[in-house]
Structure formats: C-alpha cells, structure tokens
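The next block holds one structure in the form of structure tokens; read it before the comments.
Only the coordinates and a few stated rules stand behind these numbers; no lab work does. Keep in mind that this is a model prediction, so the values were computed, not measured. Virtual Cβ from ideal backbone geometry, glycine too; neighbours counted across all protein chains shown.
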Ligand SMILES: NC(=O)c1ccc[n+]([C@@H]2O[C@H](COP(=O)([O-])OP(=O)(O)OC[C@H]3O[C@@H](n4cnc5c(N)ncnc54)[C@H](OP(=O)(O)O)[C@@H]3O)[C@@H](O)[C@H]2O)c1
C-alpha cells in the first residue's frame, strides 16, 4: 500500500473536486496529508466544498472545457505551490443521450468535457509534475464502455479514448519517472446519481450481478486512486484498474 511519506506535505490537483467522486478523492488525499487544489465551474459549490474539506483544500474556479482557463489554473497552482506531485483527471459529463437524437453540439460537448480536458490539463501541468516528487497521474474512466451500455455511445467513445491517451502518455513520460494510470469505477451511488438516475430496480440488479453484494460508494473508489498515485504502485503504469465490486472481469 502507501506510506505516510507518499502524501504528507505533497501537492495534488483534482479536476471536478467540488462534488461526487472528485470530492471524495480530495477528502482522501487531504486526510493523508496532501494540499489539494481542485476545480469546478460553480464558485458557490467550490467554496462550500473547500469549507467541508478543511484548511489544506484550495478551490480554483475553472471550466476545464476552456483551454485558457486550464492555463490559468496551472499558472495559479504553479504560483502558489511551485510543483505538483499528483494529478487526477476526474471531470466528465455522463448525460444519457440516445444516439438517434445526438446533435453535433452534444458530440462536441462530450469531447470537450470528457477527453480534451484530460489531455490539455495533463499538458498544462507537465512541467509542475516534473518538478514534483510524486510523479503520478490517474485518469478516471468507467466500466460503462467495457459493457457497451446504452444510451452512452458518445460518453463511452470519449472514455475509451482516455484508455489510448493513458497508455501512450505512460510511454512518453515513463522515461522521466512519471506514471499514468486509469481507474474505472462501476456505478457509484453519488448524490447526483441517486437524485437523477438510480432506481430501486437498478440497485437490486447491481446487487444481483456483482460478485460483492453491496452498492458502490465514492469511498470504495478513492483508495484505488490513492494506491495508483502512491509509491506502492511504483512499477505500475499504463494500466486500467476496475473498481466495481466484481461486475466486469477480464
Ligand atoms: N458516479 C458514477 O457512478 C461514475 C461511474 C463511473 C465513472 N464515473 C466517472 O467519475 C468521474 C466523476 O463522476 P461524478 O459522477 O462524481 O461526477 P459529478 O457528480 O457530475 O461531479 C462532477 C464534478 O466536476 C465538476 N465539473 C463538471 N464539469 C466541469 C467543467 N467543465 N470544468 C470543471 N469542473 C467541472 C462539477 O462541478 P461544477 O458543476 O461546479 O463545475 C463537479 O464538482 C467522471 O469522470 C465519471 O465519468 C462516475
């Protein structure tokens, strides 16, 4: 696993940390000793999360769909922290869009939210990661594209694109000692999922098909992300770690 030195006094960046899984990644990293810079679009949500996360949480309002704002985020973190040890590319939009109704705008929005930011944020933070000691990146995927679930064609196209990005990135930056991996969660019972999507029948079905008979919570995903960031994973790069209570096995 990891030891105290992996996270104490270290600097992490989490995109989309004011809610959902990203909030829990921030919580886990802060509890382990990191200072965490996280972003989101809503200042109100971000400030509220910052208060809940405590004094080592730093919210920087940023829309990662906007390349100029990504540059501003990297500049601000560079100014305040001087380096980055860990980067978690977490932002995504999982809107359900039936393929037949898909518009050009939907298609662009999915690429601009789910894949383009992971590439541009990583590029913007590369020099800061070089200056850090942790030298690890985790991209957040999903098991959804492995299962070919619908109506998620464009979401899944972008998420499987993240696999190719992660693997090639691992090769390009590996010689510098920087690792890049991916965590693919199953369906997690975040506030938004419970409010907007999950039915009682869905819960029963998940329990039925999963090897482990409990519903996934954000706290189940965070330790996997932290492991891949930590020195415990020093020899692991370009990999996909599925965290889904045993639904997808391959
Ligand atoms: N929840 C699940 O069941 C599940 C399952 C598999 C994979 N995943 C993956 O896990 C990750 C997190 O999902 P989630 O369900 O926790 O998401 P979520 O509840 O929708 O939270 C998304 C976070 O990202 C921020 N955000 C959204 N768009 C942004 C943008 N353009 N720029 C900056 N911040 C932005 C949101 O804040 P603002 O709205 O204020 O910007 C919020 O803090 C995603 O990559 C998702 O694909 C989730």
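Values as computed for the structure displayed
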read-out: Residue 47-residue 199 FRET efficiency (beta carbon distance; Förster radius 45 Å; 0.05 resolution); value: 0.85
read-out: Mean separation of Cα contacts under 8 Å (6+ apart) over length of region 62-180, as relative contact order %; value: 33 percent
read-out: Cα shape, the chain, gyration tensor, a/c 1.5 rule; value: rounded
read-out: DSSP bridge pairs, region 1-121: antiparallel proportion in percent, nearest 5; value: 0 percent
read-out: Packing rank of 32-44, 236-248, where each peptide gets the mean count of other beta carbons within 10 Å, highest leading; value: 32-44, 236-248
read-out: Extension gain from residue 3 to residue 208, taking 0.36 nm per residue of separation minus the Cα-Cα distance; value: 70.2 nm
read-out: Projected label distance in nm at residue 234 and residue 103, using a 7 Å step from Cα toward the beta-carbon; value: 5.3 nm
read-out: Computed FRET value (nearest 0.05) for residue 160 with residue 71, which takes r as the C-beta separation and R₀ as 25 Å; value: 0.40
read-out: Average projected area [Cα convex hull, region 27-117], square nanometres; value: 6.9 nm²
read-out: Share of Cα-Cα pairs in region 153-250 lying beyond 24 Å, as whole percent; value: 32 percent
read-out: Gyration tensor (alpha-carbon) shape descriptor, region 135-186, a/c threshold 1.5; value: prolate
read-out: Anisotropy class of region 36-88 from Cα gyration tensor, a/c 1.5 cut; value: oblate
read-out: Contact order relative to length of the chain, as percent, for alpha carbon pairs under 8 angstrom and 6 or more apart; value: 20 percent
read-out: Segments 20-29, 58-67 sorted - mean Cβ within 10 Å per residue, highest first; value: 20-29, 58-67
